[in-house]
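Following: one structure in C-alpha cells, then a few remarks.
The values are calculated or read from the model by the stated rules, or taken from the named source; none is laboratory data. Everything quoted here is computed from the prediction, not taken from an experiment. Here the Cβ is made from the backbone with ideal geometry for all residues, glycine too, and neighbour counts use every protein chain on show.
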2 protein chains.
Amino acid sequence: MNDFIFQSPTRFFFGRGYTDDTGSYLVQAGFKNALLVYGSGSVIKTGTLKRVQDSLESSGVVFVELAGVRPNPEVELVRQGIEIAREQQVDCILAVGGGSVIDCAKAIAFGYYHEGDVWDFFSGKAKPERALPIAVVLTIPAAGSEASSSCVISNDELGQKKGTNGDCFRPAIAVMDPELTFTLPAYQTAAGITDMICHICERFFSGAGSSAVTDRIACALVCAIIDAGKRVMKNPNDYDARADIMWASTLAHNDIAGCGLSAQPSARAGGWESHGMEHELSALDTHITHGAGLAVIMPAWMRYVCSADPQRFVQFARGVFGLEPAGQSQQAMVACAREAIDMLQDFFSSLGMPSRLSEFGIKAEDIDKLVDMLAATKGERFGGFMTLGREDTRAIYESAL
Amino acid sequence: MNDFIFQSPTRFFFGRGYTDDTGSYLVQAGFKNALLVYGSGSVIKTGTLKRVQDSLESSGVVFVELAGVRPNPEVELVRQGIEIAREQQVDCILAVGGGSVIDCAKAIAFGYYHEGDVWDFFSGKAKPERALPIAVVLTIPAAGSEASSSCVISNDELGQKKGTNGDCFRPAIAVMDPELTFTLPAYQTAAGITDMICHICERFFSGAGSSAVTDRIACALVCAIIDAGKRVMKNPNDYDARADIMWASTLAHNDIAGCGLSAQPSARAGGWESHGMEHELSALDTHITHGAGLAVIMPAWMRYVCSADPQRFVQFARGVFGLEPAGQSQQAMVACAREAIDMLQDFFSSLGMPSRLSEFGIKAEDIDKLVDMLAATKGERFGGFMTLGREDTRAIYESAL
C-alpha cells in the first residue's frame, strides 16, 4: 500500500426531508450569516430554494443571495460573490445545487481571503490555504463536490476551464436529502451515475499499485451504484435507490476510494485520463454533458490501455462483475478485462448513455482539434496507468467515433 | 436506508516511518504545546516513544508527559492528566499507543473543559460537548479509537467500566505507521482482528434494516481483514497485510460501516450485544483479552439470533464468504447463515483465538453471575437484532461453554 494523507471532515446530514432543517444545522455549527448561492432553474421551480430560505429564516440565520450560477460556473460571478461576502461579512457560504453551484461557492470561500484576483488560484499563481466554511444542500448526485477537495471554474474571457485542489475548502456541512433527486431527468441521473463510477475508476486505475482495503471499497461502491442505477431507471421514486446513488456519489469522490492508490501521499490518486479527454469534448461542444461524454471516453480509454496491466483490470472484473480469466496468460487476462469493459459500457448504454462520439455529432475531422486541445491542456505526454502521447489519444478518440 | 448523521473529521497520516514526522503534523495543525500520554510497556521498549519525543523536539513542540496508562485505563490517571493539561495550558493531547491510551487522552480532552469531576461523563451526569484537540500515534490496530466517537474508562473505586460518546472528541490527527505493528505478538494481532470484525458485525446486524452502500462496504472490509489476517499470520512483517489491517480497523469503527443502519440518525448503529456480553467476561476475569472473548461470544450470539432474521445473515454469508442458500425457505437460509458463522469462527480459530469459554477457565457455575452482571449493566432486556432477556443470555453463554 502506498502512503497517503486523507481527511474528509464534512458533517453529513443524510435523510428524508432534511432540507427543511438546513438552518438548524448551520446554527448548530455556529453559522449565523450566510451567503446563499444557487442556480436559476430547477432549484427554484421545485421549491427547494424556498424550503431552504424558510428554514434559514425560522432558525434566525441571516443571509444574502447570489443567484444564477450556470453549469460550468464562470469566474465573474465568483468575483461578485466574493464582493458580497466581504460587504456582508458572512461567516459561511451555503450552496444549494449540484457541482457547479458548490464549486462556485468553494471559489468564493477561498477567494474571500485572497488579496489578488480569484483566478490566481486557477492560473497557478496562488494555492488555497484558507477558506470560509462551506455548507451544501445537494440536489444532484454526480460531481461529488459536496465532500471533495476540488473546484473547477470557467473563465469566458480567457476561454479556459480550470481546477484547483485543497483540503481547506472541503465543505463543513452537507445536507443530503435523496427525495430532492426524485425529479431529476433520467438523462441527468444516468450521466451522474456514469460520472461517479468514473471517479472511482480514475483512482482504481491510477497505475500506482493497489491497496486491498481501498480496492474492495472501490469495487463495492461500483457494484452498489450499478445495482441502484438499474432500480432507479425502473422507478425514479425508489427512495433507497436514490439514497444509495447519492451516498455512493459522495464516497466515489471524497478520496476514501483512493487511499493508498496515489504515488504522492498528499495528491489525489489517479491520472484522470478519461476526465481529461472528456474535458475536450465538452470544450468542443458545450452541449455535451460531462457524464455522457465519459460514458463514451472511459470504455474507449480502458480498451486502449488495459493490456498495459491486465492484472489490474482482472481485479476490477472480478470485484465488480465476478469474472475470472480463463487462465493466467496475458491473452486470457486481456480477454477478461475486455469482457468487464464491455459489461460496463453495456450498463451505461442501458441507462440511455451514448456509446459513440458520433452520437454527439463529432466527426473524424474533429479528432485533430481534440488531440491538439488535449495536448495544450495536459501536455504532450500525460497519464498514470499508461503514458499517453498524441498518437495514443488520437487512437482512443478514433476508436470511439 | 435509514437517515443518518455522520462525520469522521480525523486527518490521517498513513505510511512508512510517519512516526518520525509526528511533530511536523502537529505544527501543521497549529499545535505547539502538547500533553503526551502513553503506557508503560512496548511503546518504551520498541523505541516508538523516543521517536515521537524526538520529532516533537525537532519541530519545536513543547510537551509535558503523562505515563503509565494501563489496559482498561483508570479515571484517577485521567484526573491527573486534566490537572497537568490545565496547569501547562496545553493546546492538544497527544496519545501514543492503542485504544486504552487514546481513550485516556480523550477523557482528559473533554474533562479539561468540565468544572465537575470527569466521571460525570461516564455516570451520565454530563455529556461531552467540547474537547481539546486530540492527536494519536497508533501502535495497536484493534479498538478503532483513533477515529471513533467513543471512550471507555474504568473506575476502580466504584468497580465500574463505562463508556461515553461524542463527535467532539474524535481525534483531529491520526499518525498510522504500519511498521510499528510488526512487533505485535500474534495473539494480540489476532485479538485485534477479531475486535475489528466484531465492530463491523455489531453494526451490520443492528436489526434496523439495511443500506446497500454501507452493507457492501462492511462486507468488503470483513473480506479485506480476513485476507490480510491470513497473510499476517504467515509473515508478521508483511507490510501490506499490516497496513490493510491497520486501515481496516479504523474504517471498522469510524462509523462509515454504520451509515444508514441505525434507527436513530445520530446514534451509533447496532445493539452491541456481543460487546456487552464479552464485557462481563472481562469483568469476571481481567486476564481475558477483549478480542479473544469476542471470538467466543460473537459466533455464539450469531447462532442464537440468526433465525430471527436469516435473510440478513444470508446477505452477510453472500457478501463475505460467497455462500448462497439452497433455496428461499427459512430452513435453507438458516443453514446458510450457520455455515457462514462456522466459517467466521473457523477463521478466528485459525488465528489462534479460543472458541469455547472453558478455554478461559469459565465453568457452568459462573454463568449465573455473568447473566446477573449483564442484566445489571445492560438492563433486563436489551439488544437490537433480537431482544435478549436473561433466558436468552444464559442460553448464549451456555452454548459457548
Q: Evaluate the following for A:Ser8: is it among the polar types (S, T, N, Q) and either part of a helix (DSSP H, G or I) or more than 14 Å from every other protein chain (Cβ to nearest Cβ) (or both)?
A: no
**Message:** Is it the case, given these coordinates, that B:Ala337 is in a helix (DSSP H, G or I), at pLDDT 95 or above, in contact with a Cys (Cβ under 6 Å, 6 or more places away or on another chain) and surrounded by 18 or more Cβ atoms within 10 Å (Cβ to Cβ)?
**Reply:** yes
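Which of the residues spanning the stretch A:1-37 are of a type in the set (A, V, I, L, M) and not assigned by TED's automatic domain parsing to the domain that holds A:Ala131? Give the steps one after another, and end with the answer.
Of the residues in the stretch A:1-37, the ones of a type in the set (A, V, I, L, M) are A:1, A:5, A:26-27, A:29, A:34-37.
Result: A:Met1, A:Ile5.
Does B:Thr164 satisfy the condition of being surrounded by 24 or more Cβ atoms within 10 Å (Cβ to Cβ), within 18 Å of the chain's Cα centre (by Cα) and hydroxyl-bearing (Ser, Thr, Tyr)? Walk me through it before giving the result.
Values: surrounded by 24 or more Cβ atoms within 10 Å (Cβ to Cβ): no; within 18 Å of the chain's Cα centre (by Cα): yes; hydroxyl-bearing (Ser, Thr, Tyr): yes.
So B:Thr164 fails the test.
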A:Gly291: passes all of (1) over 30 Å from A:Arg16 (Cα atoms); (2) more than 12 Å from chain B (Cβ to nearest Cβ) but (1)
Being buried (at least 20 other Cβ atoms within 10 Å of the Cβ), within 13 Å of chain B (Cβ to nearest Cβ) and of a type outside the set (Val, Ile, Thr) narrows A:Asp255, A:Asp238 down to just A:Asp255
Of the conditions (1) outside the structural domain of A:Met373 (by TED's automatic domain parsing); (2) farther than 17 Å from A:Val69 by Cα, the single one that A:Ala190 does not satisfy is (1)
Going through the stretch B:362-379 in order, the residues found to be aliphatic (A, V, I, L, M), over 18 Å from B:Leu158 (Cα atoms) and assigned to a helix (DSSP H, G or I) are B:Ala364, B:Ile367, B:Leu370, B:Val371
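What about A:Leu344, is it in contact with an Asp or Glu (Cβ under 6 Å, 6 or more places away or on another chain), under 28 Å from A:Arg268 (Cα atoms) and of a type in the set (A, V, I, L, M)? Steps first, answer last, please.
On the way: in contact with an Asp or Glu (Cβ under 6 Å, 6 or more places away or on another chain): no; under 28 Å from A:Arg268 (Cα atoms): yes; of a type in the set (A, V, I, L, M): yes.
No; evaluated as a whole, the condition is false for this residue.
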Here the residues within the stretch B:191-222 that are outside any helix (DSSP H, G or I), surrounded by 24 or more Cβ atoms within 10 Å (Cβ to Cβ) and away from chain A (no Cβ under 13 Å) are B:Phe205, B:Ser206
